[in-house]
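Contents: one structure, followed by commentary.
The values are calculated or read from the model by the stated rules, or taken from the named source; none is laboratory data. It should be emphasised that the depicted structure is a prediction, and the values quoted were computed from it without experimental measurement. Every residue, glycine among them, receives a Cβ derived from its backbone with ideal geometry; neighbour counts consider all protein chains shown. For the accessible areas, the whole protein counts, side chains as well, though only heavy atoms, and no ligand, DNA or RNA atoms are used. Shrake-Rupley method; radii C 1.70, N 1.55, O 1.52, S 1.80 Å.
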Amino acid sequence: MSDEPERGMERLMVLIVDFYDLLAALLAKLPVPIALPEGPVYDSVEMTSAVRRVAEIIGDQPVSEDVKIGVWAASLHWLTAAEMFSLLRVGGWDGIRADQVRIILASGEAGLEGAADALLRDQE
């Protein structure tokens, strides 16, 4: 039996945590900083609840609509990728579903970069 699915799952987890860390870094720079749970061990339920809450409250931040939309979209991208990853964990390795996680995160990262740029413009 190949350990490719196990390595694939590990790589996806790294991508999901890296995206989460990028989101957390941006949220910490908001005028009213939002802190996401951190730690040497990430709790997926806690992370999901926190990112869901970000999507709910980002509209209250005193920032431009570009920042609000970018953070909101990035949060939804992360939540969708985390949900797809959970399906992989429960249902077993599926290359197409793994590709879905990757493309969701790549798309979300582009939006996150746009939100970061908009936040810099807001602060000028």
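The figures follow:
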{"item": "Rounded accessible area per residue of segment 1-90, 1.4 Å, Å²", "result": "59 Å²"}
{"item": "Rounded tilt (10° steps) of 4-28 against the dominant C-alpha axis of the chain", "result": "10 degrees"}
{"item": "Label-zone membership for segment 39-60, site Arg121, 7 angstrom Cα→C-beta point, backbone N under 18 Å", "result": "none"}
{"item": "Directionally averaged shadow of segment 1-102, computed from the convex hull of its alpha-carbon atoms, nm²", "result": "6.8 nm²"}
{"item": "Potential extension, Asp18-Glu113 segment - 0.36 nm per residue separation minus Cα distance", "result": "32.8 nm"}
{"item": "Helix 44-57 vs. the chain, principal-axis angle (Cα, 0 to 90°, nearest 10)", "result": "30 degrees"}
{"item": "Cα centre as origin, Lys/Arg/Asp/Glu Cβ charges: the chain dipole, Debye", "result": "180 debye"}
{"item": "The chain: calculated mean residue ellipticity at 222 nm from DSSP helix runs of at least 4, using -39500 (n - 2.57)", "result": "-26500 deg cm²/dmol"}
